[in-house]
Amino acid sequence: MKKISVISISLVVFACIACDKTQQATQDKPVSTKPLQAAEQAMPEIRFEEISAKAGIDFIYEDGAQGDKWAPETMIGGVAFVDYDNDGDPDLLAVSGTSWQHYEDNSGPVTVALFRNDGGGGFTNVSTEVGLDFNGYGFGFAIGDIDDDGWQDIYITALGENRLYRNNKGISFTDVTREYHVAGEKQGYSTSAAFFDADNDGDLDLYVANYVRWNKEIDSRTNDNVIGLAKAYSGPKVFEGVQPYFFRNDGASGFREEAKASGLNVNTHGAKSLGRALGKTLGILPIDLNSDGYIDLIAANDMVRNIAFINDGKGGFVEQGEEIGLAYNNFGTATAAMGIDAAWLTDDLTLTIAMGNYASEMTSIYRLDAQHFVFSDDAPLTGIGPKSRNALTFGVLFIDLDLDGRMDMVQANGHVEPDIALEQESQSYRQPAQIFWNCGPGCARPFVLMPLPLIGDLAQPMVGRGLAAADIDNDGDIDLAISEIAGRLRLFENKQQAANNWLKLRLAQADKNKFAIGAMVEIHYDDHVQKQQLMPARSYVSQVENILTFGLGKSNRVDTIKITWPDGQQQIINDVAANQLLKQVKQNNN
């Protein structure tokens, strides 16, 4: 979260001028002779209807704000889809903050909600019934099967100690935080987290991003003035960064914290001898960047350079963010990065990474040059950059919203300063979400911002934070959940009418890592190829459903499905009919 000041406004104006020049330069390149207007005319309506009240979703995100403007109030918003009872329907999780009095005396109401999907369009809050009793100042989730019993467990990140709940066969949850040694520090500030198998031993490890070393005393002395206001919310520069937690699962006695030993501690430049943590991470994405069969990790950081941890294949990591081009934006500066997601774009399978940024910073769109293993921030070239500049973006996701076979991008937006309009007329606290429609290879730019009248209730201004995705009604297309600061959890049903075909895959393994986290799937149909990795941890403090959805356009069959399981074994499935959920189980991990 950026500090707002008159100086920062001048820098933003300069950056915007430079951005306009960059945009003009890219428009002068002979990218395509097909006019953009043709793409806009072909754009479908991808209308979303908010069904929160109708579906029984009544959760409110409490931020505790009473006018003191403590920095954590701007960051809450965890939302996740998880089939906790294994009935085939994605259930919905949310966690919020609490009042500061309740935070300090460890009292107050439960701040987590689990809504069970009844499969018929309704949700029921079962948090008390199943024993989810977290009552702290929560931020986000990680979902994973920690003990390979076939039931997904829940980890909650928080201001203060984090919590781990073990799933008791879909009936109840037990707090096993102490038993598994994953609480973290009592004065911690954890944001995004992810379960993934870092060393390919079959056990899910846990990476937990930490933000800053926050306390009220430092925050109260900060004078981040907005014009006309006594105090604005403090930015990350006021506070020291914090190293992450990395809890390695030994498959027997639980987890051991090994961030430093695994190469996951990174210090600021020129301060290694002082041990000052770079930290300030808000979004994380586990992903196999170099296709070597080991999961790497990207950390999206707030106003310090981003981090890319490359897995060394021996259980450790080497930080190479600057070397491979993910540390900075296309101006060579660190951004205020929040959410993160990635996709291999259809046909050429170019790995593309999106990071949501602060207002007046374009959403970063890093594209991989696989031959040289280096990324470049091509935001203006993609069509996303200039159109995302005015938004303050937290949650980002690549999703094929209209099932035409091409990944679109959606982002949840909302400012951090309620009175920002008093300083900047172009800004507002509540902002609509944005959909960038992927218009295909014949367009001047790959992505086109959809006009608000075409996206339905997603056009409603909100203070968006977390963003998660799942097919809640099993009709093939992807629905969305978005959290809102000091507002309600919003559930949006996808009402697109493109009549395209699709294929869903639910993967499982009989031995360890039963939900096949990290598996890679590539499909071939007609003259097209798509690729996705099964990794629920993405966006901002959120988790998506544990199912892969491939839009097929008008194709009614998939010629070949190639599954690369987490242990590297490959499986080929031929001639699969469209419009079905394919359940594929790997019998062993040998």
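Structure data summary
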read-out	value
Close pairs from segment 334-358: first part of a loop (DSSP other than H, G, I, E, B), partner at pLDDT below 95, Cβ under 7 Å, at least 6 apart	Y358/K2
Among the candidates S172, S234, S192, residue that is over 30 Å from D567 (Cα atoms) and crowded, with 16+ Cβ neighbours inside 10 Å	S234
Scan of segment 565-588 for residues that are open to solvent by 40 Å² or more (accessible area, probe 1.4 Å) and in contact (Cβ under 8 Å) with a residue 24 or more places away in the chain, ordered by number	D567, G568, N579, Q580, L581, K583, V585, Q587, N588
Segment 500-519 - residue that is of a type in the set (K, R) and in contact with an Asp or Glu (Cβ under 9 Å, 6 or more places away or on another chain) and, of those, farthest from G202 (Cα to Cα)	K504
Flag if Y366 is open to solvent by 10 Å² or more (accessible area, probe 1.4 Å) and at negative phi	no
Checking G283 against (1) part of a loop (DSSP other than H, G, I, E, B); (2) touching a residue at least 40 places away in the same chain (Cβ under 8 Å); (3) surrounded by 19 or more Cβ atoms within 10 Å (Cβ to Cβ), the condition it does not meet	(1)
Residues within segment 372-395 that are open to solvent by 20 Å² or more (accessible area, probe 1.4 Å), assigned to a loop (DSSP other than H, G, I, E, B) and over 21 Å from N290 (Cα atoms), tallied	2
Extreme residue, farthest from D347 (Cα to Cα), among residues of segment 479-492 that are open to solvent by less than 30 Å² (accessible area, probe 1.4 Å), assigned to a strand (DSSP E or B) and not hydroxyl-bearing (S, T, Y)	E484
Any hit, segment 295-305, residues being open to solvent by less than 10 Å² (accessible area, probe 1.4 Å), at pLDDT 95 or above and either at positive phi or in a loop (DSSP other than H, G, I, E, B) (or both)	no
Within segment 494-509, considering residues that are in contact with a Gly (Cβ under 8 Å, 6 or more places away or on another chain) and assigned to a loop (DSSP other than H, G, I, E, B), the one most open to solvent (accessible area, probe 1.4 Å)	K495
Hits in segment 446-478 (condition: closer than 17 Å to N117 by Cβ and free of Cβ contacts under 8 Å to residues at least 40 places away in the same chain)	D475
Check on V304, within 19 Å of M355 (Cβ to Cβ) and touching a helix residue (DSSP H, G or I) at 6+ places or on another chain (Cβ under 9 Å)	yes
Search result, residues across segment 485-511 that are more than 22 Å from Q533 (Cα to Cα) and of a type in the set (A, V, I, L, M, F, W, C)	I485, A486, L489, L491, F492, A498, A499
Residues that are open to solvent by 40 Å² or more (accessible area, probe 1.4 Å) and either among the hydroxyl-bearing types (S, T, Y) or farther than 28 Å from P380 by Cβ (or both), drawn from segment 306-334	D312, K314, V318, Y328, T333
Filtered residues of segment 207-228 (kept if surrounded by 14 or more Cβ atoms within 10 Å (Cβ to Cβ) and at pLDDT below 95)	I218, D219, T222, D224, N225, V226
Residues located in segment 128-170, provided they are within 15 Å of T111 (Cα to Cα) and of a type in the set (D, E, K, R)	E129, D133, E161, R163
Only listed residue being farther than 19 Å from N513 by Cβ, touching a residue at least 24 places away in the same chain (Cβ under 8 Å), open to solvent by less than 40 Å² (accessible area, probe 1.4 Å) and of a type in the set (A, V, I, L, M), chosen from L159, L204	L159
Qualifying residue in segment 457-470 (condition: among the acidic types (D, E), modelled with pLDDT under 95 and open to solvent by 10 Å² or more (accessible area, probe 1.4 Å))	no
Residue ranges of strands (runs of 3 or more DSSP E) in segment 510-582 with at least 3 members at pLDDT 95 or above, touching a Gly at 6+ places or on another chain (Cβ under 8 Å) and under 16 Å from N500 (Cβ atoms)	548-553
Top-ranked residue of segment 427-449 - restricted to ones that are aliphatic (A, V, I, L, M) and assigned to a loop (DSSP other than H, G, I, E, B), ranked as nearest to D400 (Cα to Cα)	A433
Segment 548-588, residues that are under 21 Å from D296 (Cα atoms) and among the aliphatic types (A, V, I, L, M)	L548, I563
Selection count, segment 396-415, where residues are open to solvent by 10 Å² or more (accessible area, probe 1.4 Å) and of a type in the set (V, I, T)	1
Scan of segment 328-349 for residues that are of a type in the set (S, T, N, Q) and modelled with pLDDT of 95 or more, ordered by number	N329, T333, T335
Complete set of residues in segment 256-275 that are buried (at least 16 other Cβ atoms within 10 Å of the Cβ) and either among the acidic types (D, E) or modelled with pLDDT under 70 (or both)	E257, E258
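The values are calculated or read from the model by the stated rules, or taken from the named source; none is laboratory data. None of these values were measured; they are calculated from a predicted model. All Cβ positions, even for glycine, are placed from backbone atoms using ideal geometry, and neighbour counts span all protein chains on display. When the accessible area is computed, the model is the full protein with side chains, heavy atoms only, and any ligands, DNA or RNA have been set aside. Shrake-Rupley method; radii C 1.70, N 1.55, O 1.52, S 1.80 Å.
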